[in-house]
Amino acid sequence: MSDVVHTTFVIERKLPSGPAHAFRFWSEKVLKRRWTDCHPDWTVLEDRFEFTPGGEETLRWRTGEGFEQSFTARYLDIAPGRRIIYAFEMSSAGSRVSVSLATVEFHPAKGGTRMLYTEQMAFLAGEEAMRMRVAGTGDGFERLADALAADVTGLH
């Protein structure tokens, strides 16, 4: 029996701005951190962001309990305002937790953008932890929608 759980999941979100503006919240480091910095009690150890085809994004943190967490991505395809495809891995306490291929698509929609996120994941830390990770991805996109809404209304 394999200890790898494979899954593909899709999350769709309606975002309150046009595709070009929504894309900026993925492609510009300061804007991306508005919705991805979700653990204020964690210490940032490394924060590298090279949003270009072949470029890498690396985030490493130390949790309040002293464990190291990391996210490392390589951008494979970028079509400004339309699409991002990237491969990434996540680690916790020195062990790889998951490896994924993600596609983010931005489609014009009435009053904003329809963002479609598709992730193909090999998860290495058990099914329950995988369900929590998928749910956490959805929570992150709620923060994205909130950050865009604040930006659109001038509350940034």
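The values are calculated or read from the model by the stated rules, or taken from the named source; none is laboratory data. For clarity, every value in this text was computed on a predicted model and none was experimentally measured. In this analysis, Cβ positions are derived from the backbone assuming ideal geometry, glycine residues included, and neighbour counts consider all displayed protein chains. Heavy atoms of the whole protein, side chains included, go into the accessibility calculation; ligands, DNA and RNA do not. Shrake-Rupley method; radii C 1.70, N 1.55, O 1.52, S 1.80 Å.
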> Hey, in the GNM for the chain with a 10 angstrom Cα cutoff, which one of Ala125, Ala73, Ala87 fluctuates hardest?
Replying inline: Ala125
>> Just to verify a number: FRET efficiency for Ala150 and Lys110, C-beta to C-beta distance, R0 = 25 Å, to 0.05?
In response: 0.75
> By a straight-distance test (C-alpha under 17 Å), which aspartates and glutamates pair with Lys14 as possible cross-link partners, with residues fewer than eight away in the same chain excluded?
Replying inline: Glu105, Asp139, Glu142, Asp146, Asp151
>> Over the chain, with a Gaussian network built from C-alpha contacts below 10 Å, which listed residue (Phe106, Phe71, Phe23) shows the highest mean-square fluctuation?
In response: Phe71
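Of Thr58, Thr43, Thr7, which has the most accessible area and how do the rest follow, probe 1.4 Å?
On the way: Thr58 10, Thr43 75, Thr7 40 Å².
I get Thr43, Thr7, Thr58, largest accessible area first.
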> Sorted by accessible area (1.4 Å probe), largest first, how do Met90, Met130 line up?
Replying inline: Met90, Met130
> Ignoring ligands and nucleic acids, what accessible area does Arg48 show with a 1.4 Å probe (Å², nearest 10)?
Replying inline: 110
> Working out 0.36 nm times the residue gap between Ala20 and Ala122, then minus their Cα-Cα distance, what length gain in nm do you get to one decimal?
Replying inline: 33.7 nm
